[in-house]
Amino acid sequence: MNKNVFIKLLGTVYVLSVLFSCTTAPVKEDVIPQNSESNVIEDTEVQEYLPENTVIYDDNKTTIDPVIEYEKKAASVTLSLLILPSPSIKGTSFKKPFSIKVNNADGSEAANFPITIEYPNNITNGVIEFATATVQADEHGIIEFISPPANFSCSSVISFYPAPDVHSTDIEPIIQRVSLKVPFLVKTNLTSAGGSICLVDYDKQGRAITDNGLTSSAVLGNLIRSGFSRIGNAEFYKEVADGDNTILYKKAQDLFGSITSYFIYGTVKYLNTPVKDEQGLYTVDLTAEIICIDMKTNAELFKTKVEVTGTGKTENSALNNARNEQLAPLLAEKIMYGI
């Protein structure tokens, strides 16, 4: 037989044998279990292969728990104050920036770390409203920030905290805990505009004292020492005690005309009967309510209510402590950062 023919016959036999084996060999099919429970992977089995801060929902989608994530982020850095600027004046910017330093937990500088800044931005009906800005630390972990000029006076705080990756009300308690809070002080721009003050004292029987104003004079002294000028006492004690603001405003307008820009008035009363403790010390509790109005429009510029406690070896010394050491400086400060 020709050699080439023999080779071709062998090849043909081989191909036919391969085809025959492929078509006749039994096919092994996967058996699908009839018991569906064997196909279900329980949540506990899945969670063994997921990070511990992963939450599994019914639709088998996963998400990172923002509380755990933010706890980790907050713990990774520390914030410290570098520069606290002096108080600004209503309508002007701070002369220096607020400056803080951001360090990693190991003490190294946290370059480019994102920080959220929350600062006073407005006042509505006596309530301070806040705005936020997110900035990155520089290559040395330093952040400098100057807020826009405030068109209001206030005694508040500015807060710095690690910027959250996910905003959630659940992380608010953490933010409050880890925030670096520093004073944000804006003084009134009326310190030299001219004004008057009249505060009526009441005795412990609840009767108005209309022949002098001891608390009014004490507050006036503190205002002058803190930078106010062109301000004095107005002796409208009876009118303030009567509570008729229409008559009070008219008398103030008639007396001052356009000389003053604002008028501060109010009352100072005992909260309760003075008491003497076992050590022989007296305690006097006072409460003050004051209002400041614009003399041109009679519009309310500011109001506040405060309570203080004074102590002393005698009832009179306790009263003087409450009035002169506690109440007067506190009211002067609130006026400075309130009107």
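The values are calculated or read from the model by the stated rules, or taken from the named source; none is laboratory data. All figures in this text were calculated on a predicted structure; none of them were measured in a lab. Here Cβ is always computed from backbone atoms with ideal geometry, including for glycine, and neighbour counts include all displayed protein chains.
Let me confirm something: among Leu301, Leu248, which residue is assigned to a strand (DSSP E or B) and surrounded by 13 or more Cβ atoms within 10 Å (Cβ to Cβ)?
Leu301
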Condition first: among the charged types (D, E, K, R), over 23 Å from Arg323 (Cα atoms) and part of a strand (DSSP E or B). Can you find one or more residues in the stretch 276-295 that meet it? yes
Subset of the stretch 252-275, residues surrounded by fewer than 15 Cβ atoms within 10 Å (Cβ to Cβ) and either among the small types (Gly, Ala, Ser) or farther than 15 Å from Lys204 by Cα (or both), comes to Asp254, Leu255, Gly257, Ser258, Ile259
Only unsatisfied item for Glu139, checking (1) over 27 Å from the mean Cα position of the chain (by Cα); (2) assigned to a helix (DSSP H, G or I), is (2)
Taking the criterion of being among the small types (Gly, Ala, Ser), touching a Phe, Trp or Tyr at 6+ places or on another chain (Cβ under 6 Å), at pLDDT 95 or above and farther than 18 Å from Ile231 by Cβ, would at least one residue in the stretch 288-310 satisfy it? no
Count - residues of the stretch 144-184 that are outside any loop (DSSP other than H, G, I, E, B), touching a residue at least 60 places away in the same chain (Cβ under 8 Å), out of contact with any Ser or Thr (no Cβ under 9 Å at 6 or more places or on another chain) and more than 12 Å from Ala74 (Cα to Cα): 3
